[in-house]
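A short write-up of the structure that comes next.
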Amino acid sequence: MLQEQEVHAAEMERTFIAIKPDGVQRGLIAEIISRFERKGFKLVAIKIVVPSKDFAQKHYHDLKERPFFNGLCDFLSSGPVIAMVWEGEGVIKYGRKLIGATDPQKSEPGTIRGDLAVVVGRNIIHGSDGPETAQDEIKLWFKPEELVSYMISGEKWIYGDN
Ligand code: IDP
Ligand code: MG
């Protein structure tokens, strides 16, 4: 039988977040991770990877009809990407809030793109846009055994204990 804490962890929502090649090259890895971490979300998977163009096309398959699709996939596969899975209550929707609007010119100050990026083609970070895409993207980028379920000792100070 699962411990109560494990049940809590098992039910938690997860999202796929990636720092794109521009974010990595600009030295923003720690800054971006820190914003998710300080919020209270939990990092459950992370790796550095240079995606192939074919892989980038799979990741962005929804956008294949858009004029920028080819350039976008070339860019995503142009260098190291930090692929991550973050866990927490409401992390899919709130992760998108932390990230800000797709076009950094329209992102609010205080968001990652608002504070750290200028143009839509170099907006430094990706985040799943809903529960289904989160599930699909986590599956595309990670093997199940690469996801780590664990408790953080201070978790009750984020969620309370009931
Ligand atoms: P999202 O990253 O905020 O979810 P999407 O519409 O899913 O935005 O687009 C995926 C990525 O494609 C964006 O993050 C951005 O890098 C790129 N992109 C979106 N729209 C444009 C555009 O009009 N020109 C160039 N690149 C774009
Ligand atoms: Mg998107």
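The values are calculated or read from the model by the stated rules, or taken from the named source; none is laboratory data. On a predicted model such as this, the values are computed, not experimentally measured, just so you know. Here Cβ is always computed from backbone atoms with ideal geometry, including for glycine, and neighbour counts include all displayed protein chains. Surface accessibility is based on the protein's heavy atoms, side chains included, excluding ligands, DNA and RNA. Shrake-Rupley method; radii C 1.70, N 1.55, O 1.52, S 1.80 Å.
Any chance you could count how many residues in region 80-98 are in contact (Cβ under 8 Å) with a residue 60 or more places away in the chain and within 14 Å of ligand 2 (Cβ to nearest atom)?
Residues in region 80-98 being in contact (Cβ under 8 Å) with a residue 60 or more places away in the chain and within 14 Å of ligand 2 (Cβ to nearest atom): 2 in total.
Restricted to region 140-162, and to residues that are surrounded by 11 or more Cβ atoms within 10 Å (Cβ to Cβ) and acidic (Asp, Glu), which residue is nearest to Ile46 (Cα to Cα)?
Among those that are surrounded by 11 or more Cβ atoms within 10 Å (Cβ to Cβ) and acidic (Asp, Glu), it is Glu146.
Restricting the search to region 99-116, which residues are within 15 Å of ligand 2 (Cβ to nearest atom) and of a type in the set (A, V, I, L, M)?
If the condition is that a residue be within 15 Å of ligand 2 (Cβ to nearest atom) and of a type in the set (A, V, I, L, M), then Ile99, Ala101, Ile112 are the ones that fit.
Just checking, which of Gly114, Gly127, Gly88 is at positive phi and touching a Ser or Thr at 6+ places or on another chain (Cβ under 9 Å)?
Gly88
How about region 15-32: which of its residues are assigned to a helix (DSSP H, G or I), open to solvent by less than 30 Å² (accessible area, probe 1.4 Å) and within 23 Å of Met151 (Cα to Cα)?
Ile32
Are there any pairs, at least 6 apart or on different chains, whose C-beta atoms fall under 6 Å, with the first in region 59-79 and touching a residue at least 40 places away in the same chain (Cβ under 8 Å) and the second among the aliphatic types (A, V, I, L, M) and open to solvent by less than 30 Å² (accessible area, probe 1.4 Å), and if so, which?
The qualifying pairs are Leu76/Ala56.
Please work out if Lys39 is over 20 Å from Ala117 (Cα atoms), more than 16 Å from ligand 2 (Cβ to nearest atom) and touching a Leu at 6+ places or on another chain (Cβ under 7 Å).
yes
Conditions tested, residue by residue: (1) within 17 Å of the chain's Cα centre (by Cα); (2) closer than 17 Å to Ile33 by Cβ.
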residue: Gln105; (1), (2): no, no
residue: Val118; (1), (2): no, no
residue: Arg122; (1), (2): yes, no
residue: Ile125; (1), (2): yes, yes
residue: Gly130; (1), (2): yes, no
residue: Ala134; (1), (2): yes, no
residue: Lys143; (1), (2): yes, no
residue: Trp157; (1), (2): no, no
residue: Gly160; (1), (2): no, no
